[in-house]
Amino acid sequence: MTPRTFYFDLGSPFAYLSAERLNDGALPEPVRWQPLSLGGLFKLNGRSSWALDGAEPRERGIAEVQRRAREYGLPPLRWPDPWPGNYLMAMRAATFAFRAGRGREFTLHAFRRGFQRGEDLSLPAHVLKAAEDAGLDPAEVEQATQSAEIKLALREATEAAHRLGVVGVPTIAAAAELFWGDDRLGDAAARL
C-alpha cells in the first residue's frame with residue numbers, strides 16, 4: 001500500500017474541509033495525519049495567509065470555504081473571532097494527541113469546535129475542551145504543550161514538510177506527489 005500523509009494546521013478552514021472528507025473515506029487508508037505549524041511553514045516559505053491579504057481576498061476565500069462546506073454536506077461554518085489567530089498551542093496539543101494515540105479524534109473535535117462552533121482555538125480553554133472530547137486528560141495535554149519534546153517535534157515536522165516541498169495546508173503527499181489544497185483531494189484519490 002502506498003503511504004500517504006495529510007498535512008494540516010487547525011487554523012486552516014480548507015484543512016478542516018479535507019479532514020472531514022478524509023474522515024468519510026475520501027482516500028483509502030492508511031492515511032497518516034501530520035500536524036505542522038502553518039505559521040512556521042509560512043516563515044520558511046516567505047508567504048502569508050490568504051486571510052491576511054486584504055478584505056477582498058479574505059471575503060472570496062471565506063465564501064469559497066462556505067460554498068464547499070455546503071457542497072460536501074457539512075454544517076454551516078461559524079468563524080472564530082478573531083480568525084486567523086495564534087494556533088501554536090493547539091498544534092502542540094495535536095502533536096501530543098497523535099503521540100498519545102488520540103490524534104485523529106482530537107483533530108476532528110478541534111476542527112469542529114473551531115469551524116462549526118466558532119470557538120477560537122488560540123484560547124487554551126477551547127483546545128483543552130477538544131482534548132477532553134477526544135478522551136485525553138486536559139491537564140496532561142496542557143503540560144505537554146509546554147514540553148521541549150513536543151515543541152521540538154512540531155518544529156521538526158514543519159521543517160520536514162518544508163523540505164519535502166509542502167508550501168501550505170491542506171497537502172496530501174501520495175504516490176510520490178504533493179497535492180496542495182482541499183480542491184486537490186480528488187486528484188490525490190484518482191492518482192492512487
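Odds and ends about this structure:
- Choice from Asp133, Asp182, Asp24 showing the highest fluctuation, given a GNM over the chain with Cα pairs closer than 10 Å: Asp24
- Rounded to the nearest 20, the size of the Cβ-charge dipole of the stretch 51-145 about its Cα centre is 300 debye, with Lys and Arg at +1 and Asp and Glu at -1.
- Positive-end extreme of charge dipole, the chain - chosen from Pro80, Leu41, Val65 (charges on Cβ): Leu41
- Inter-centroid distance (Cα atoms) of the stretch 23-43 relative to the stretch 49-123, Å: 13
- Per-residue Cβ neighbour rank within 10 angstrom, fewest leading, Leu123, Leu38, Leu27: Leu123, Leu27, Leu38
- Calculated [θ] (222 nm, deg cm²/dmol) that DSSP helices of n ≥ 4 give over the chain, each run adding -39,500 (n - 2.57): -16500 deg cm²/dmol
- Kyte-Doolittle at least -0.5, axis length at least 20 Å by Cα - qualifying DSSP helices, the chain: 148-164
- Highest-fluctuation residue, Pro138, Pro80, Pro30 considered, GNM on the chain with Cα pairs under 10 Å: Pro30
- For the stretch 1-125: relative contact order, % (alpha-carbon pairs under 8 angstrom, 6 or more apart): 30
- Spread over its residues, the convex hull of the C-alpha atoms of the chain is 109 Å³ per residue.
- Listed residues Ala139, Ala173, Ala90, most fluctuating in the chain (Gaussian network, C-alpha, under 10 Å): Ala139
- Charge dipole of the stretch 1-123 (Cα centre as origin; +1 on each Lys and Arg Cβ, -1 on each Asp and Glu Cβ, all else neutral): 300 debye, rounded to the nearest 20.
- Options Ala15, Gly168, Gly135, ranked by Cα towards positive dipole end of the chain, top entry (Cβ charges): Gly168
None of the figures in this text is laboratory data; all of them are computed from the coordinates on show. Because the structure is a prediction, the values reported are computed rather than measured. When we count neighbours, we look across all protein chains shown, and the Cβ atoms used for this are built from the backbone with ideal geometry, even at glycine.
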